[in-house]
Structures are given as C-alpha cells and as structure tokens.
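All of the numbers you see were taken from the coordinates with simple rules; none came from a lab. As the structure is a computational prediction, the values presented were derived from the model and not from experiment. Here Cβ is always computed from backbone atoms with ideal geometry, including for glycine, and neighbour counts include all displayed protein chains.
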Amino acid sequence: SDFQYDYEVYHSLDEIKSWMFEMNRTHPHVVDMFSIGRSYEGRPLYILQLGKRTHPYKKAVWMDCGVHAREWIGPAFCQWFVKEALNSYRTDPVMRRLMNHLNFYIMPVFNVDGYHYSWTTDRLWRKTRSRIARYQCRGVDANRNWKVKWCDEGASSHPCDETYCGPYPESEPEVKAVARFLRKQRKRVKAYISIHAYAQMLLYPYSYKYATIPNFTCVESVAHNAVNALYSAYGVRYRYGPASTTLYVSSGSSIDWAYKNGIPYTFAFELRDTGHYGFLLPESLINPTCTETTRAVKTIASGLLKKC
Amino acid sequence: HLYNNRYAGDQVVRVTPHTTEDVRVVKRLFENLKVDLWRPNSLTLIQADSDVDVHIGHGDIRELKGRLKGAHIYHRVLISNLQKEIEKQLAVRSTRKRR
C-alpha cells in the first residue's frame, strides 16, 4: 500500500490516530481497533488489540504509552512495537507464538489531551488538561490518580503541582476509562506495562510502600530477564526493582493499582536516557531505544507463557 | 518560531546535593524560583546524592547558579538552550518530509 509511515520520527496525535486506523484497515486478521471512552476534552481513547483470533479466552497483556504528555518516546515506542509485531509475525517464531497465545492491548497515547497540548502549546507539559475548580492551574498527574493509596506520600494535593493527585481517585476520565476496561478484562489480563521516560529503569510494585510483593521471585526473575534482553541489543544497562526503592515512593500509581486488582505482573518502564536529553530524546535515538525495549517487552510477555 | 520561542535561552541544569543541608538549600531555592522539575518530579522527592534535573527559565539562570555556587552545591548544564534543542527535535523532521 502507499501508506508510508516513518517510525523513526515523532508524530502528532492526528498522525498517530490515522496510523491506528490504517493498521486496523490493513491487518484485519490480527488487529482490532476500538475506543474505551473519551478524554476530558472529548477525544476518543483508542486501543489497538493485537493477536491472532485463535480462541476468545486468551491471556492478554496491556501496554499504555504517553501517560505523561512530554514523554514523547513512549507513544513512539507503542507504535514501534505494533509495527514490529505485525512485520515479524511470519518471520519471528517468538513473536508468532506470543501473537497466537496472547492478545496485546496497546494504547499508544493515554493522555491524548496533554500530548496534543505538548505538540501545540507547551512541549514540556506533563499532566492531563482537566480544569480544577477555583484554581487557574490545570491538569492532574495521571500516574497519581489511581485508586490505590491515593494522594499519599509522593503525590501532591495542590492543583498547581506537577504530581497533583486530582480531586478524587479516577477523577480523570482517561484513568477511569482504562481502570474500567482493566476491571472488565481482569480474568484475562496477566501483565500490565506502562511506558514512561526518562531514567532507564524497569520498575515493579510497590511504589507506595517499602514492602516485598507476594510473587516477588517470579516478578524479579521476569524483570531480570527483561533488562538482560534489553541490554543484549546495544549494551544499555537498565536498573530494575521495586519502584519505591529503585526510584522513589509515589502513591496512586497505575502499576500498584493494576497489581492490587489482580494482575500478577505489572511494570513501568522509564526509557532512555539518563538526562543528557531527558524528555527531548532526539529522533535519531528512537530506533535503538525502541529496538531494545521491544526485546524487553517480548521477554515479559514470554514470561507469562511459562509457569513460575 | 516553534512554541513562540517560549523556551529561548532556558536551560536544563543537573544539581547534585550531597548533604541534608544541601538538600534543604536546594528545596528552599526551588520553592522561591519558578522551576520545572524534570527529575524527580516533586520537591518532596529530592534527596542527598541523587541527581535533580531542573528546567530553569532564562531570567532565573544567573540567580540559580549564583546561589548554588555560593552554597558549594555541585551542578552542571545538561541542555544549554532548550528552544534550540526543541526545534532541532522537529526541524530535522520537516526537511525529511520535504525530501
């Protein structure tokens, strides 16, 4: 087809939406596109479901990108992963096995309003774009708005702060829509992955407390294998471990919510880099960053098909 | 200009407080200056011996560096001109598209 899409540049929200429709149109047997709700400003929250339609009760992996608007490498990675999954289905036995036995729910842009705003008005915007009564400051940190130890340590109750937890849990329609979808799919979703930037880390629960999760051994092993797979691409070292100790304590995060709601493997990636460019990772680094991260995500997904 | 040149002359500075006193000084400094914390993303998360990346407006750079130097707190510039870096991020793209 004459649809040319450059995966090694950053794309606007409109371009990403057109790309999603095109993936859905050109891969009807392995791609389904649907919306799980609308954002604060009324934009659809589109999801791509990837996977061979082998049977209706397949296990599933959820992956969202772009929770924080300025972390552009996230949406770039979600698109890259979809492209890799579709292009390598025939040639890569690992990807073929994953697509045959799992469904992937991919949300290329979680915070659609914030992402659009970062393209048009403020490149360094982080939060959603909701309005807060009695305050001029806008937006909630979507990764402090989940109903798990909400607005406790590591989050702020002040609307003008970057880590504002919101007026109440799931106050953000984007968070509410994803939480509702994951609650409905609870029996099938076995892994939750959220893509952020930057710090080069792979984090798992808990974020809100210094404690060890019950299935620590299995999760630690999957994380270890994932960062090893990532390292095998270009030798980039990722730190990994519980978010509270590896990064910092924060409450109301999506990986803690997903874990508490029964998803056994929940991870947050902090992609490249460690600060040289920060949120302004050059387009020339999209390819290596996404190539290495694809290896890590495939390793996590493969871990679901093994017994632990 | 992209974003109406709003980031012209802004910088991203990495500050590394080593003692609890350094941490107190840095927190107080950032409360007074209007800064955009890149990492960590909240004042309460600043701790000793961990890097703090902060986006600072061009009008506050001199005061920030002067205060940090006065308090002997280690810092270095990660991005010397934010506007240029942002335009570089997308400018390349538009030429490619034209090609």
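Do any cysteines in chain A lack another Cys Cβ under 4.7 Å, and if so which?
If one checks each Cβ against the other cysteines of chain A, A:CYS290 turn up with nothing under 4.7 Å.
Within a Cβ distance under 13 Å of A:TYR164, other residues only, what is the Lys/Arg minus Asp/Glu net charge? Show your work: numbers first, answer last.
Values: positive: A:ARG126, A:LYS127, A:ARG129, A:ARG131, A:ARG138, A:ARG144; negative: A:ASP141, A:ASP161, A:GLU162, A:GLU172.
Surrounding charge for A:TYR164 is +2.
Only residues of the range B:34-77 count here: report those whose backbone N is under 19 Å from the spot 7 Å along Cα→Cβ of B:GLU21, or say none.
Correct set: B:47-50, B:66-75.
What FRET efficiency would be calculated for the residue pair A:LYS307, A:ARG25, taking the C-beta separation as r and a Förster radius of 35 Å, to the nearest 0.05? Spell out each step's value before the answer.
Working: r = 38 Å, r/R0 = 1.09.
Calculated value: 0.35.
Between the range A:84-118 and the range A:7-60, what's the alpha-carbon centroid distance in Å?
9
One-quarter of the Cα convex hull surface for chain B, in nm²? Please report the intermediate quantities before stating the final value.
Working: hull surface 27.2 nm².
With every direction weighted equally, the projected area is 6.8 nm².
Using a Förster radius of 35 Å, what is the FRET efficiency between A:GLU8 and A:PHE34 based on their Cβ-Cβ separation? Nearest 0.05, please. Write out the running numbers ahead of the final one.
Values: r = 28 Å, r/R0 = 0.79.
According to the calculation, E is roughly 0.80.
If a paramagnetic tag sat 7 Å from the Cα of A:ARG180 along the Cα-Cβ line, which residues of the range A:34-63 would have the backbone N under 18 Å from that point?
A:34-48
Taking Rh as the Kirkwood radius computed over C-alpha pairs, what is the Stokes-Einstein D of the protein assembly as shown at 20 °C in a medium of viscosity 1.002 mPa s, expressed in µm² per second? Don't jump to the answer; show the numbers that get you there.
Working: Rh = 21.6 Å.
For these conditions, the coefficient is 99 µm²/s.
Counting every Cα pair in the range A:69-177, what percent are over 24 Å apart? Show your work: numbers first, answer last.
Values: 2249 of 5886 pairs.
Of all Cα-Cα pairs in the range A:69-177, 38 percent lie more than 24 Å apart.
With label points built 7 Å along Cα→Cβ from the Cα atoms of A:THR245 and A:SER284, find their separation and express it in nm.
3.9
Which whole number of Å³ per residue matches the convex hull of the alpha-carbon atoms in the range A:127-166?
Numbers: hull volume 2.3 nm³, N = 40.
Spread over its residues, the Cα hull of the range A:127-166 gives 58 Å³ apiece.
With everything on Cα atoms, drop me the angle between helix B:20-32 and the longest principal axis of chain B, reported from 0 to 90° to the nearest 10.
50
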